[in-house]
Amino acid sequence: MPLERLALILVCVVVAAGLTIWSAALFIAAVQLPVPGFLVLIPALLVGWIVFRVIADRLSNAEDDHYDKIEK
């Protein structure tokens, strides 16, 4: 396993843990507030979508895989 892939996995795990705690806090705050409280969840969903797209693009990019096939 290349070192950059291991680093990407570690970063994803740390980000996922942080986003889980953050989204749980936002959800609890939204439940405590009336109707406008659910508007707090919109930024959380936006950040989640951006993180998902960045990771998906990083894993499916053929240009990044070019250097994995070069013998060292």
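Quick notes on this structure:
- Looking at ALA24, ALA30, ALA44, just one residue is on the phi < 0 side of the Ramachandran plot, assigned to a helix (DSSP H, G or I), small (Gly, Ala, Ser) and modelled with pLDDT of 80 or more, and that residue is ALA24.
- Total residues in segment 10-52, condition within 11 Å of the chain's Cα centre (by Cα), open to solvent by 70 Å² or more (accessible area, probe 1.4 Å) and hydrophobic (A, V, I, L, M, F, W, C): 8
The values are calculated or read from the model by the stated rules, or taken from the named source; none is laboratory data. If you're wondering where the values come from, they're calculated on a predicted model, not measured in any experiment. Note: accessible area is taken over every heavy atom of the protein model, side chains too, but ligands, DNA and RNA are not part of it. Shrake-Rupley method; radii C 1.70, N 1.55, O 1.52, S 1.80 Å.
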